[in-house]
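Note sheet for the following structure.
Just so it is clear, none of the values below were taken in a lab; they were calculated from the coordinates. Not measured: the values here are computed from a predicted model. Cβ: placed from backbone, ideal geometry, glycine included. Neighbour counts: every protein chain shown.
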Amino acid sequence: MDARVMTSLFLLLLGGLAGLLLDGVATVILRATWQGLTHCERCGARLGWTARWRRCPHCGHWPRRPWVMAGLLALVSAGLPWLGRWPVLALWPVTACFFLHAVIDWEDRLVYTPLVSVAILICGAIGVWMHGLASTLLGLLIGAGGMGVLYGLGVLFVRWRGLGDVWLGGLVGVVLGWPGVIAGLTLGTMLAGLYALGVVLYYALRHRQWVGEQPIPYGPFLLLGAWLLLLGQGS
Ligand SMILES: [Zn+2]
């Protein structure tokens, strides 16, 4: 069998398992307690360590997120050997890190500092491997600094939540390096803006309601934009 097909199949399996595992990590962080792993998220019944992976016998609730995450990450992972130009050994960990942070931010507008610090270290090491120390450090500075400036100025009309975006800016920065980080921040901002516009239009037209003040998660779009650019990097 073709080596690339073998890699893809391996990544399909790895992505699926990682998706289930990352759902556990996300659950603990979002709930701020380990109980999320062992108790039904709807009725709170104690179900043991398989709670996230099966239907609750008490209330019938079936946690969907683990399976959505496993399926999505498996599919994206399997595509990496074709989609990306970086070696999958570098591309896959970055993809998994971005995926986890995007999910947590999407679910709860949350950027968990200890987790994103670890992600910056891991992805930073990959960044140094891929485009050198200087580019990675400059990317970190520009990424975090750029988001910090935007945060300070309140330029983004999308939403203001806190300094979480500065951390995510740093994460994007180490992965894309200098000068890629500039395009990354720009594309992320544009994607978030398009989404915000879509939400506002949808509510205005469908429900005759103005939701311009409603916060939307910015992080997932920043990460998606950076990831799309990442696929085009490398030789
Ligand atoms: Zn239940």
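Treating each Cα of the range 1-83 as one equal point scatterer and applying the Debye formula with no solvent, the log10 of I(q)/I(0) at q = 0.10, 0.22 Å⁻¹ comes out as -0.31, -0.91. Only Cα pairs under 8 Å and 6+ residues apart enter the sum, and on that basis the relative contact order of the range 110-235 stands at 28 percent. Free of any chymotrypsin sites (Phe, Trp or Tyr not before Pro) that DSSP assigns to a loop and that have at most 14 other C-beta atoms within 10 Å, the longest stretch within the chain is 50-156. Each of Leu168, Leu153, Leu80 was scored by other Cβ atoms within 10 Å of its Cβ. Listed from fewest to most, they are Leu153, Leu80, Leu168.
Which of Gly146, Gly180, Gly44 moves most in a GNM of the chain, Cα contacts under 10 Å? Highest fluctuation among the options: Gly44.
Taking Cβ separations below 4.7 Å as the criterion for a possible disulfide partner, the isolated cysteines in the chain are Cys97, Cys123.
Suppose every K and R has +1 on its Cβ and every D and E has -1 on its Cβ; what is the size of the dipole of the chain about the Cα centre, in Debye to the nearest 20?
Computed about the Cα centre, the dipole is about 640 debye.
Panel order for Ser77, Ser135, Ser8, by other beta carbons found within 10 Å of each beta carbon, from fewest to most: Ser8, Ser135, Ser77. Shape descriptor for the chain: Rg over Rh equals 1.00 (Cα atoms; Rh from the Kirkwood inverse mean 1/r). Under DSSP H, which helices of the chain have Cα atoms covering 24 Å or more of the helix axis and a Kyte-Doolittle average no less than 0.5? Taking the DSSP H segments of the chain (at least 24 Å long, mean hydropathy at least 0.5), we get 3-31, 65-83, 88-108, 113-131, 133-153, 164-206. Here's how it looks for His39: its modeled amide H is under 5 Å from those of Leu47, which are all 5 or more places away or on a different chain.
From least to most packed, judged by other beta carbons within 10 angstrom and beginning with the fewest, His39, His207, His101 follow the order His207, His39, His101.
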